[in-house]
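To start, the structure itself, in structure tokens.
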């Protein structure tokens, strides 16, 4: 059901904006992910960092508003200094940002962000997650942009997560990167 909703949403955005100005491009940069478990007297968190890369489309709705769906692959790892064991987590991220162009060079972004954990065993954690992305961007030139975004993740425990009690599990993501449009 969620995949159908996501597909319909993306098609609607593309159809609505197809008559407007559009541009396409690639994006890449640094990513920091925060994994948080809280509730039932437990409050744990860990951070992991790595990279993201992907592509985007930007469809102008008006002079000051555009819609920017994106598709990223990210990989973050939590390096444990005691035994030099890196545990890497792969993620497919689909942000759908509304961009408010405050000036010719500066913009603010907000919108839903969907993600899918690519790991085989997620131990009671849903592979599919949602969050709210907020960010800002600066156009260095007509084709190069700098951006920063923070996504607040929503709870992603399955019904199978009964051994954790009434806990919540959230993934929050910070991305800082460069985009090149053509």
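Here are the numbers for this structure:
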{"read-out": "Test result for residue 141, out of contact with any strand residue (DSSP E or B) (no Cβ under 9 Å at 6 or more places or on another chain), at pLDDT 90 or above and either surrounded by 13 or more Cβ atoms within 10 Å (Cβ to Cβ) or more than 21 Å from residue 73 (Cα to Cα) (or both)", "value": "yes"}
{"read-out": "Residue in the range 47-60 that is surrounded by 15 or more Cβ atoms within 10 Å (Cβ to Cβ), under 18 Å from residue 107 (Cβ atoms), touching a residue at least 24 places away in the same chain (Cβ under 8 Å) and more than 17 Å from the chain's Cα centre (by Cα) present", "value": "yes"}
{"read-out": "Options 98, 108: the member that is in contact with a strand residue (DSSP E or B) (Cβ under 6 Å, 6 or more places away or on another chain), in a strand (DSSP E or B), over 20 Å from residue 141 (Cβ atoms) and modelled with pLDDT of 95 or more", "value": "98"}
{"read-out": "Of all residues in the range 159-176 being out of contact with any strand residue (DSSP E or B) (no Cβ under 6 Å at 6 or more places or on another chain) and surrounded by 14 or more Cβ atoms within 10 Å (Cβ to Cβ), the one that is modelled with the highest pLDDT", "value": "164"}
{"read-out": "Any chance residue 89 is part of a strand (DSSP E or B), within 17 Å of residue 28 (Cβ to Cβ), within 20 Å of the chain's Cα centre (by Cα) and at pLDDT below 95", "value": "no"}
{"read-out": "Search result, residues across the range 22-64 that are modelled with pLDDT under 85 and either out of contact with any strand residue (DSSP E or B) (no Cβ under 7 Å at 6 or more places or on another chain) or more than 24 Å from residue 156 (Cβ to Cβ) (or both)", "value": "40, 41, 42, 43"}
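The values are calculated or read from the model by the stated rules, or taken from the named source; none is laboratory data. Keep in mind it's a predicted model, so treat the numbers as computed, not measured. With ideal geometry, Cβ positions are generated from the backbone for all residues, glycine too; neighbour counts draw on all protein chains shown.
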